[in-house]
Amino acid sequence: MRYLLALWICKVTTWLLRAMHRGATALPGKLALSVCPDILARLASQFTVYVVTGTNGKTTTGLLMSSILEQQGVRYISNKSGSNLERGIVACFAEGVKVSGRSKGATHAVIECDEAAFAKVAGKLNPAVVVVTNFFKDQLDRYGQVTATLNLVKTGAAKAVNATLVLNADDPLCASIGRDLPNNAIYYGMDNSNGNIVDSSHSENEAGYCLYCHSKMDYAYNTYGHLGSYACNQCGYSRPTPQVEMTEYSLTMESATFSYRVDQENYNCSINMSGLFNIYNAMGAIGMGLAIGAAPDHINHALSKSQPGFGRMETVHFGNKAIRTILVKNSMGLNQVINYLISVNQSMTLCFAVNDHISDGEDISWLWDVNLECLSSIKDNLSAIYTCGIRGADMAVRLKYAGLDTDVVYDNSLDGEGSIPIVVQRALEQMEEGGTLVVLPSYSAMLAVRSFLQEKIDMKEFWN
Amino acid sequence: MCAMTLNICHLYPDLMNTYGDKGNVIALERRCQWRDISCQVTNLSRQDILEPDKYDIIFLGAGQDTESIYEDMMQVKAEGLRTAANEGNVILGISSGYQMLGEYYPDVKGNSLAGLSILDMRTEAGTDRIPGNVVCDCIPLQGAEPTDSYIVGFESHSGKTFLGNGVSPLAKVIQGQGNNGQDGTEGVCYGNIFGSYLHGSLLPKNYRLTDLLILRALQRKYGNDAAQAAIAVLPDSTAEEIARLSCINRILHKESR
């Protein structure tokens, strides 16, 4: 009875908030949990649940996983708007069931889960598959350190007793989950023995020490950061052999094409998003597809149809000018976007939008961990660089010390946040015809950029 | 005038760089280069011997968990660091890199560990970490214009540092916790040894402090006249000043509301 009461409260508050145009916030799930603490387990028990967690790539991997299910003709629900804490996950399931508490028809759920929340909800979700993307430094004011985050995910995975784990073999932190737990595991990775993968951002290996014995590990190769083929000579911990392994790839501004190997067979795949990091995301989704028995050809077909998510390389056009928004949340995320920008070798205008709300991470020190210096190598391709947002001035200093000129638009009479639409508008106006504006926002800045773009699109429609 | 060179040693950049502290080294490097002072940065990690006479500035960043470097610090680096401290090399420690300069400090579990005992200060384990922005008035920078000496950054530590009588604070807290949340002090300053809890990174925005560290290193190496002449070449610092002031204004305005 408490369960149904909690469910109704969740549904009614969601409905009320939407009627007030507030969007469903954290409140409905929060209220439901206070009435019935085990509501999540009861809701989730009706669904086959696939979870994705890890530092970077959760949303995109989740989206690609969903497209595989769609292709398989499976009806599923998902929390794709990015509310990935327990209360958001509760709200997602509540929406997927009728007032009676029975599913509206979906049989599966694709759930993106925050790493800390995963420790709490993994047992309740009883997932069939858990995909873990990677572990990088992220929002340290919240978690403490990378190994602490890894341990939270391990705590959760230990409760997901029925789950097949899909793990990034190239990440020694991520792969250790499979070593420490008895679950079935599918590993994915990239073969770089021919040295084709070059990290133009020269991102640093920050987890090059063995998790088990603290010795320095040997790397046969890196893809980026601490990802690669590692082995500890001291205790023997080494990269597990991936069942799914990328062998070749190429990138354009908008897409990525790659080949991968499963059981000695080679397959070709393309996705409508670029960047080596997105190929990792696709490999994670492919791992999930294989875990549920989907055929590689079907998986590839599904992936080729999928589109980038909310602010993750989303592209909109104004006349013949393109704006591409790429969310950047942490140093490795931005390093890999820089790697992508360098590798596509095309002229562009850049706009960094940096805020410091809780959702962005209040400490913006991570900007100094990013190898922005590398952008100098494509200076000739950069028409202009703009900075905006609450910490736009900090970003301008970072760029200056990286040896890059900034067309800094920062007016102290404005609230820093208010500078975002003004600067994006200005960048767009001053850009040459046919140009591409790449906007690199932190999380809350991304929301501001999107709402600005939305308004612009509406205006256009209105005038047409 | 002869060409000047400063050598910077960055200790454990691979293990003690939790909060983008590399920015401090970048700031020192650039502001030297902009003055035509050539600047060499050497990274030292575990097992590398620290030869104090090779470096003018030694930087030690923060690591949440100092366990991985503790043994190496005490056995391989301690002697070199103590010599450097006695000889007046410029040393800057941030957060746990700052705590380690004292008599003792807490590890990640709250157990007290012996520090390098270079400075008369102690750090007690605190119960909770209160991350947040800090504005403080940097004592060695105090001069004519009152707010020129304000420095700004982000702190995230649970340890509470108490300074002994032999050393002075780096700054007086205006907003934030600082050393211990009680006595209104932030960081430490003793001769050419500096410590602070501030990330951000500390030096890029607080460029006057960067210039002070460079000045001290030059004075020691080239004498006061040559050092003053070199530091008087002021690189354009408009972007830094805008970032520093906008941050200070926002923090003081927001927190006092």
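The values are calculated or read from the model by the stated rules, or taken from the named source; none is laboratory data. The shown structure was predicted, so the numbers you read here are calculated from the model rather than taken from an experiment. Neighbour counts run over all protein chains shown; Cβ positions are idealised from the backbone, glycine included. Each accessible area value is taken on the protein alone, full model and side chains, heavy atoms only, with ligands, DNA and RNA left out. Shrake-Rupley method; radii C 1.70, N 1.55, O 1.52, S 1.80 Å.
Partners of A:Lys98 within straight-line reach, counting lysines whose Cα lies under 18 Å from its Cα and excluding those fewer than 8 residues away in the same chain: A:Lys11. On the beta carbon distance between B:Asn111 and A:Gln234, with R0 = 22 Å, the FRET formula returns roughly 0.30. Taking amide H atoms as placed 1.01 Å from N in the peptide plane, the amide H of B:Leu198 lies under 5 Å from those of B:Ser95, each 5 or more residues away in sequence or on another chain. Across peptide B:127-140, the average count of Cβ atoms from other chains found within 10 Å of a residue's Cβ is 1. Just check chain A against the gyration tensor rule for me: Cα atoms, a ≥ b ≥ c as the square roots of the eigenvalues, rounded for a/c under 1.5, and otherwise prolate or oblate depending on whether a/b exceeds b/c. Oblate shape, in that a/c is at least 1.5 and b/c is the bigger or equal ratio.
Decide, for the stretch A:38-305, between rounded, prolate and oblate: order the square roots of the alpha carbon gyration tensor eigenvalues as a ≥ b ≥ c, take rounded if a/c falls under 1.5, and otherwise choose prolate if a/b is larger than b/c, else oblate.
oblate
For chain A, A:Cys10, A:Cys36, A:Cys92, A:Cys113, A:Cys174, A:Cys269, A:Cys351, A:Cys374, A:Cys388 have no disulfide-compatible partner, since no other Cys C-beta lies under 4.7 Å from theirs. Close amide H contacts of A:Lys216 (hydrogens built in the peptide plane, cut-off under 5 Å, sequence separation of 5 or more or a different chain): A:Cys210.
The distance separating the Cα centre of the stretch B:92-126 from that of the stretch A:17-62 comes to 42 Å. Distance between the modelled labels on A:Lys98 and A:Glu70, one decimal in nanometres: 2.6 nm (7 Å Cα→Cβ projection). A dipole drawn for chain B from +1 and -1 charges on Cβ atoms has a positive end, and of B:His199, B:Gly63, B:Thr127 the residue lying farthest that way is B:His199. Think of it as helices only: each DSSP H run of n ≥ 4 in chain A is worth -39500 (n - 2.57), and spread over all residues that comes to -12000 deg cm²/dmol at 222 nm. Based on DSSP H segments of at least four residues, each scored -39500 (n - 2.57), chain B has a per-residue ellipticity at 222 nm of -9000 deg cm²/dmol.
Annotation: aspartates and glutamates with alpha-carbon distance below 16 angstrom to A:Lys124 (same-chain offsets under eight excluded): A:Asp38, A:Glu86, A:Glu112, A:Asp114, A:Glu115. Basic side chains Lys and Arg get +1 at the Cβ, acidic Asp and Glu get -1 at the Cβ, and with that the dipole of the stretch B:146-246 about its Cα centre reaches some 260 debye. Charged side chains reduced to their Cβ positions (Lys and Arg at +1, Asp and Glu at -1) give the stretch A:312-463 a dipole of some 360 debye around its Cα centre.
Does the stretch B:67-147 come out rounded, prolate or oblate by the C-alpha gyration tensor, with a ≥ b ≥ c the root eigenvalues, rounded set by a/c under 1.5 and, if not, prolate when a/b is larger than b/c and oblate if not?
It comes out oblate by the Cα gyration axes.
Gyration tensor over the Cα atoms of the stretch B:5-256: the corresponding equivalent ellipsoid has semi-axes (square roots of 5 times the eigenvalues, largest first) of 25, 24, 15 Å. Pairs of Lys residues in the stretch A:312-463 that lie 8 or more places apart, or on two chains, and have C-alpha atoms under 28 angstrom apart add up to 9.
The label-point distance for B:Arg129 and A:Ile422, in a model that sets each label 7 Å from Cα toward Cβ, rounds to 3.6 nm.
Quick check on my link table: of A:Lys137/B:Lys221; A:Lys30/A:Lys154; A:Lys137/B:Lys77, which ones sit more than 31 Å apart, alpha carbon to alpha carbon?
Pairs exceeding the cut-off: A:Lys137/B:Lys221.
Comparing B:Gly80, B:Gly153, B:Gly93 in a Gaussian network model of chain B where C-alpha atoms under 10 Å apart are linked, the largest mean-square fluctuation is found at B:Gly80. Interface between chains B and A: roughly 2800 Å² of accessible area buried, both sides summed (probe 1.4 Å, protein heavy atoms only).
Using only side-chain charges placed at the Cβ, +1 for Lys and Arg and -1 for Asp and Glu, the dipole size of chain A relative to its Cα centre rounds to 1980 debye.
Using Cα positions and a limit of under 23 Å, work out the lysines in reach of B:Lys254, with same-chain residues fewer than 8 apart set aside. Cα-Cα hits under 23 Å: B:Lys172, B:Lys205.
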